[in-house]
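A.B. asks: Dropping a structure here in structure tokens format, bear with me for questions.
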Amino acid sequence: MTACLVAAELLTPYGEGIDACWQGLLAGRSAIAPVTRFAAQAFVSRQAATLGNLSYHGGESLVMQMLTPLLKRLAPQVPADSRLLLATTKGEIDLLEQALLTGSGDPAASVPARLLAKVAALSGCHDPGTLVSAACTSGSAALARAAALIRAGRADSVLVVAADAVTEFVCSGFSALMALDPAPARPFDRHRAGLTVGEAAAAVLVMSADRARREGRPILGTLAGWGLSDDANHMTGPSRDSAGLIRAIGAALAVAGVDAEAVGLVGAHGTGTRYNDEMEMRAFRSVFAAPVPVHSIKGAVGHTMGAAGLVETLMALEALRAGVAPPTVNLVEADDDAAGWVAARPRPVSARAALVTNAGFGGINSALVLRGGPGGAA
Amino acid sequence: MIAVRGIGWLAAARYGSVARGLQEAFPAGEGPAVLAKTGVVPTPYRNFGRLDPLSRNTIAAVALALGDAGLTGRPGETQATGIVGAARDGSLAADVAYFRDYLENGRTLGRGNLFIYTLPTSPLGEAAIQFGLTGPLLYAAGAGAPLGSALELAAELVAGGEAPRMLAGEAGADAALYLLVDRTGPGGALCSLAEARAIVEPGDGVAAVAARFSALLTRKGAL
């Protein structure tokens, strides 16, 4: 049974909605700016991509401030019998920060199961839900689980929700690992020096093709294939031979029943770290016989961690619908391995299938094959 | 048939593997680190003592579960096995340790070696490195028993053909239990998925769950 994306809501540093994010990307405008939410002068980078209207340590967590209005907007479209999957890496970690900074409050308020209960209460689903976390592949992994549930006939409607926020906890940690670029992230650029942290929330309703047709749902695209793998190699560094990502892409293509030649667009993880981007390009060069338009949105909205997979999936579907590969924002001079694959300007594409890749700490890899195009799914 | 083929566990004072009928007490003053010294964790793990407690317990329980299923690999080899883990509080202890240290050190510089354990998947990543697990790697949490959420997700991944076999388990500060789940003929199975679901569902702790698995196998005459 085919898994169709039939409704979606998105909140990014560009603002509310899929179109705000898409138009920001197409304009080549970066939403990255010096962070004002906390003191970052001591960190390797002061840059982050944040939403301006959130209250930090004001009681409600950042992710719940993002998710509450987003889920309210989507709720009328969500059938009550939908399964619920939530993806995040650090969820409500700002509640733990607040408790330790003030000496009051309970650090355990930040544990994943509590966030899941809050999201379930807002989601419109009767299902208490499952939280899926797979480092920076969390969003893609949750989408993959949704598609797998539908393919297996175990569900015909699944709501996938993802969110992560820019916090002192996360930025100080990436700074400690020397993973941040002092400048806004420059994925695939010769002079890239690391990632920039970003925040986002997204929700996607995935339905079986039968139910979508029966209910007259508009189809944004289909999730045709997916693959998850691990490098079993290093906690923070990607594989030196890209074998894990190549395996995930191969699995996703096999599930979709297509060859690599069918893929005409790649939404890469493209963090802007030297090692990640090298690892991805090595994988793409292994999988594709000729260059395919590759883009990363992380120079625009930062690395939105657990939400990245959903945001990047929605942007890849927009690209298929519009017939335009978005630019890789902040790209000035493509590195040798990426030259001819990435571009600083929008490019026309006539693809009906896209590949979205993500990778994360612990050697985790994910790959999704999407189908879409003018009018939605093929 | 999707079934359980190996079970490894450790609690505060004891460790064991169910199919082998192994149940041992840790030597006085020793914890799971002794398993790395005595070969239960099959390959020398030089950094075992430096891991956070959840990672140590996860690696030890996974070693016992793989050994219980007869799947001890050789150093440097990989296997297509995946892993789904759960923990009642996610990475809370590691989160507190990292951020408290950051605050105590002037709120300017965090420690990378503490930060890397602040993902709920970090112990699973350490286990993947140790045992060469190249299949899907996920943390799961649900409204019910944590081990139940992990077991369901692992079973789905095997049923869908995404991995030939999966480890599913739960780890805490002083206990962990992992199951090896695969498509096994009746001869190789310790128990069915339905039996395993019923045993883990109460969510009453590793020692109780391990005892129920042992009791089930005794009733079946497998022990």
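The values are calculated or read from the model by the stated rules, or taken from the named source; none is laboratory data. As the structure is a computational prediction, the values presented were derived from the model and not from experiment. Here Cβ is always computed from backbone atoms with ideal geometry, including for glycine, and neighbour counts include all displayed protein chains.
A.B. asks: What do you reckon, is A:G340 within 14 Å of another protein chain (Cβ to nearest Cβ), small (G, A, S) and in a loop (DSSP other than H, G, I, E, B)?
C.D. replies: On the way: within 14 Å of another protein chain (Cβ to nearest Cβ): no; small (G, A, S): yes; in a loop (DSSP other than H, G, I, E, B): yes.
No.
One line per residue, one yes/no per condition, for (1) more than 30 Å from B:P164 (Cα to Cα); (2) among the β-branched types (V, I, T); (3) at pLDDT below 95; (4) in contact with a Lys or Arg (Cβ under 8 Å, 6 or more places away or on another chain):
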| site | (1), (2), (3), (4) |
| --- | --- |
| A:S133 | no, no, no, no |
| A:V161 | no, yes, no, no |
| A:S175 | yes, no, no, no |
| A:R214 | yes, no, no, no |
| A:N233 | no, no, yes, yes |
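Rundown of residues vs (1) part of a loop (DSSP other than H, G, I, E, B); (2) surrounded by fewer than 24 Cβ atoms within 10 Å (Cβ to Cβ), yes/no style:
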| position | (1), (2) |
| --- | --- |
| A:A7 | no, yes |
| A:L10 | no, no |
| A:A40 | yes, yes |
| A:Y56 | yes, yes |
| A:E60 | yes, yes |
| A:M64 | no, yes |
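A.B. asks: Going by what's in this entry, would B:E126 be described as crowded, with 24+ Cβ neighbours inside 10 Å and either among the charged types (D, E, K, R) or out of contact with any helix residue (DSSP H, G or I) (no Cβ under 7 Å at 6 or more places or on another chain) (or both)? Show your work before the answer.
C.D. replies: Working: crowded, with 24+ Cβ neighbours inside 10 Å: yes; either among the charged types (D, E, K, R) or out of contact with any helix residue (DSSP H, G or I) (no Cβ under 7 Å at 6 or more places or on another chain) (or both): yes.
Yes: the conditions hold for B:E126.
A.B. asks: Now a separate question. From the list A:A108, A:A120, pick out the single residue that is without any contact (Cβ under 8 Å) to a residue 40 or more places away in the chain, surrounded by fewer than 24 Cβ atoms within 10 Å (Cβ to Cβ), within 30 Å of A:G221 (Cα to Cα) and not β-branched (V, I, T).
C.D. replies: Values: A:A108 fails: within 30 Å of A:G221 (Cα to Cα).
Among A:A108, A:A120, only A:A120 is without any contact (Cβ under 8 Å) to a residue 40 or more places away in the chain, surrounded by fewer than 24 Cβ atoms within 10 Å (Cβ to Cβ), within 30 Å of A:G221 (Cα to Cα) and not β-branched (V, I, T).
A.B. asks: A further question follows. Anything in segment A:79-124 that is closer than 13 Å to A:L62 by Cα, under 22 Å from the mean Cα position of the chain (by Cα) and at the interface with chain B (Cβ under 10 Å from one of its Cβ atoms)? List them, or say none.
C.D. replies: A:T88, A:K90, A:G91, A:I93, A:S110, A:L115
A.B. asks: Right, another one. Please tell me if B:S149 is within 11 Å of chain A (Cβ to nearest Cβ), under 18 Å from the mean Cα position of the chain (by Cα), closer than 30 Å to B:P75 by Cβ and among the polar types (S, T, N, Q). Steps first, please.
C.D. replies: On the way: within 11 Å of chain A (Cβ to nearest Cβ): yes; under 18 Å from the mean Cα position of the chain (by Cα): yes; closer than 30 Å to B:P75 by Cβ: no; among the polar types (S, T, N, Q): yes.
In short, no.
A.B. asks: Right, another one. Just for helices (runs of 4 or more DSSP H) wholly inside segment A:103-214: which have at least 2 residues that are within 22 Å of B:S91 (Cα to Cα), out of contact with any strand residue (DSSP E or B) (no Cβ under 9 Å at 6 or more places or on another chain) and basic (K, R)?
C.D. replies: Details: elements: A:112-123, A:138-151, A:168-176, A:209-214.
In segment A:103-214, the matching helices (runs of 4 or more DSSP H) lie at A:112-123.
A.B. asks: Any residue at all in segment A:14-21 that's crowded, with 21+ Cβ neighbours inside 10 Å, touching a Lys or Arg at 6+ places or on another chain (Cβ under 7 Å) and not in a strand (DSSP E or B)?
C.D. replies: The answer is no; no qualifying residue exists.
A.B. asks: Moving on. Within segment B:76-85, is there a residue that is of a type outside the set (D, E, K, R), assigned to a helix (DSSP H, G or I) and surrounded by 19 or more Cβ atoms within 10 Å (Cβ to Cβ)? Lay out the reasoning, then the answer.
C.D. replies: Taking segment B:76-85 as the starting set, the residues that turn out to be of a type outside the set (D, E, K, R) are B:76, B:78-85.
Filter again for assigned to a helix (DSSP H, G or I), leaving none.
No, segment B:76-85 has no match at all.
A.B. asks: Could you tell me how many of the residues in segment A:231-265 are within 11 Å of chain B (Cβ to nearest Cβ) and assigned to a helix (DSSP H, G or I)?
C.D. replies: Matching residues across segment A:231-265 total 8.
A.B. asks: Something else about it: Between A:A176, A:A147, A:A155, which is free of Cβ contacts under 8 Å to residues at least 40 places away in the same chain and farther than 14 Å from A:T304 by Cα? Walk me through how you get there before you give the answer.
C.D. replies: On the way: A:A147 fails: free of Cβ contacts under 8 Å to residues at least 40 places away in the same chain; A:A155 fails: free of Cβ contacts under 8 Å to residues at least 40 places away in the same chain.
Going through A:A176, A:A147, A:A155 in turn, just one is free of Cβ contacts under 8 Å to residues at least 40 places away in the same chain and farther than 14 Å from A:T304 by Cα: A:A176.
A.B. asks: I'd like to check something: does segment A:284-302 contain any residue that is surrounded by 22 or more Cβ atoms within 10 Å (Cβ to Cβ), under 25 Å from A:V255 (Cβ atoms) and aliphatic (A, V, I, L, M)?
C.D. replies: yes
A.B. asks: Would you point out the residue of segment A:179-195, among those that are touching a helix residue (DSSP H, G or I) at 6+ places or on another chain (Cβ under 7 Å) and under 21 Å from B:I116 (Cβ atoms), that is surrounded by the most Cβ atoms within 10 Å (Cβ to Cβ)?
C.D. replies: Let us first name the residues in segment A:179-195 that are touching a helix residue (DSSP H, G or I) at 6+ places or on another chain (Cβ under 7 Å), namely A:180, A:184-188, A:192, A:195.
Cutting the leftovers down to under 21 Å from B:I116 (Cβ atoms) gives us A:180, A:185, A:195.
On the way: A:L180: 27, A:A185: 32, A:L195: 26.
Of everything passing the filter in segment A:179-195, A:A185 is surrounded by the most Cβ atoms within 10 Å (Cβ to Cβ).
A.B. asks: Take the residues in segment B:155-200 that are within 23 Å of B:Q79 (Cβ to Cβ) and without any contact (Cβ under 8 Å) to a residue 24 or more places away in the chain, then tell me which one is farthest from the chain's Cα centre (by Cα). Talk me through it step by step, then tell me what you get.
C.D. replies: First, pick out the residues of segment B:155-200 that are within 23 Å of B:Q79 (Cβ to Cβ): B:155-171, B:176-185, B:187-191, B:193, B:196.
Those left that are additionally without any contact (Cβ under 8 Å) to a residue 24 or more places away in the chain: B:156, B:160-161, B:187.
On the way: B:E156: 18, B:G160: 22, B:G161: 22, B:G187: 24 Å.
By that ranking, first place goes to B:G187.
Residue-wise test of (1) within 7 Å of chain B (Cβ to nearest Cβ); (2) over 20 Å from the mean Cα position of the chain (by Cα); (3) surrounded by fewer than 24 Cβ atoms within 10 Å (Cβ to Cβ); (4) closer than 28 Å to A:A33 by Cα.
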position: A:H126; (1), (2), (3), (4): no, yes, yes, no
position: A:A134; (1), (2), (3), (4): yes, no, no, yes
position: A:S138; (1), (2), (3), (4): no, no, no, yes
position: A:A146; (1), (2), (3), (4): no, no, no, no
position: A:I150; (1), (2), (3), (4): no, yes, no, no
position: A:A165; (1), (2), (3), (4): no, no, no, yes
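A.B. asks: Listed residues A:Q23, A:Q47; which is touching a residue at least 60 places away in the same chain (Cβ under 8 Å) and not assigned by TED's automatic domain parsing to the domain that holds A:V311?
C.D. replies: Values: A:Q23 fails: touching a residue at least 60 places away in the same chain (Cβ under 8 Å).
Testing whether each residue is touching a residue at least 60 places away in the same chain (Cβ under 8 Å) and not assigned by TED's automatic domain parsing to the domain that holds A:V311 leaves just A:Q47.
A.B. asks: Filter segment A:152-163 down to the residues that are among the aliphatic types (A, V, I, L, M) and more than 8 Å from chain B (Cβ to nearest Cβ), then identify the one that is farthest from the chain's Cα centre (by Cα). I'd like the intermediate steps shown before the answer.
C.D. replies: Initial filter on segment A:152-163 (among the aliphatic types (A, V, I, L, M)): A:152, A:155, A:158-163.
From what's left, more than 8 Å from chain B (Cβ to nearest Cβ): A:155, A:158-163.
On the way: A:A155: 23, A:V158: 18, A:L159: 16, A:V160: 12, A:V161: 11, A:A162: 8, A:A163: 9 Å.
Of everything passing the filter in segment A:152-163, A:A155 is farthest from the chain's Cα centre (by Cα).
A.B. asks: Quick one: is B:A140 within 14 Å of chain A (Cβ to nearest Cβ) and surrounded by 24 or more Cβ atoms within 10 Å (Cβ to Cβ)? Before the answer, list the steps.
C.D. replies: Values: within 14 Å of chain A (Cβ to nearest Cβ): yes; surrounded by 24 or more Cβ atoms within 10 Å (Cβ to Cβ): yes.
Yes.
A.B. asks: Given the conditions (1) surrounded by fewer than 24 Cβ atoms within 10 Å (Cβ to Cβ); (2) outside any loop (DSSP other than H, G, I, E, B); (3) in contact (Cβ under 8 Å) with a residue 60 or more places away in the chain, and given that A:P76 satisfies all but one, which numbered condition is not satisfied?
C.D. replies: (3)
A.B. asks: A further question follows. Yes or no: B:Y102 part of a helix (DSSP H, G or I) and of a type in the set (S, T, Y)? Explain how you work it out, then say what you get.
C.D. replies: Values: part of a helix (DSSP H, G or I): yes; of a type in the set (S, T, Y): yes.
Yes, satisfied.
A.B. asks: Ok, one more. What pairs can you find where one residue is in segment A:277-299 and within 18 Å of A:E333 (Cα to Cα), the other is of a type in the set (D, E) and surrounded by fewer than 18 Cβ atoms within 10 Å (Cβ to Cβ), and their Cβ atoms are less than 7 Å apart, with a gap of 6+ or different chains?
C.D. replies: So the pair list comes out as A:E278/A:D337; A:M281/A:D337.
A.B. asks: Considering only segment A:201-238, state which residues are buried (at least 24 other Cβ atoms within 10 Å of the Cβ) and farther than 30 Å from A:P79 by Cβ.
C.D. replies: Residues satisfying the conditions are A:S229, A:D230, A:D231, A:A232, A:P238.
A.B. asks: Six or more apart or on different chains, Cβ under 7 Å: which pairs go from a residue in segment A:126-141 that's not assigned by TED's automatic domain parsing to the domain that holds A:D164 and of a type in the set (F, W, Y) to one that's at pLDDT below 95 and in a loop (DSSP other than H, G, I, E, B)? Could you list them?
C.D. replies: Pairs found: none.
A.B. asks: Also, I was wondering about something else. Looking at segment B:95-117, can you tell me whether even one residue there is facing chain A (nearest Cβ under 8 Å) and under 27 Å from A:A147 (Cβ atoms)?
C.D. replies: Scanning segment B:95-117, I find no residue that is facing chain A (nearest Cβ under 8 Å) and under 27 Å from A:A147 (Cβ atoms), so the answer is no.
A.B. asks: Looking only at segment B:102-146, which residues are of a type in the set (V, I, T) and in contact with a strand residue (DSSP E or B) (Cβ under 7 Å, 6 or more places away or on another chain)?
C.D. replies: Restricting attention to segment B:102-146, the residues satisfying the condition of being of a type in the set (V, I, T) are B:108, B:116, B:118, B:121, B:129, B:134.
B:T121, B:T134, listed by residue number.
A.B. asks: Oh, and also: May I ask you to say which residue of B:L54, B:L71 is in contact with a helix residue (DSSP H, G or I) (Cβ under 9 Å, 6 or more places away or on another chain) and part of a helix (DSSP H, G or I)? Spell out the reasoning first.
C.D. replies: Working: B:L71 fails: part of a helix (DSSP H, G or I).
Within the list B:L54, B:L71, the selection yields B:L54.
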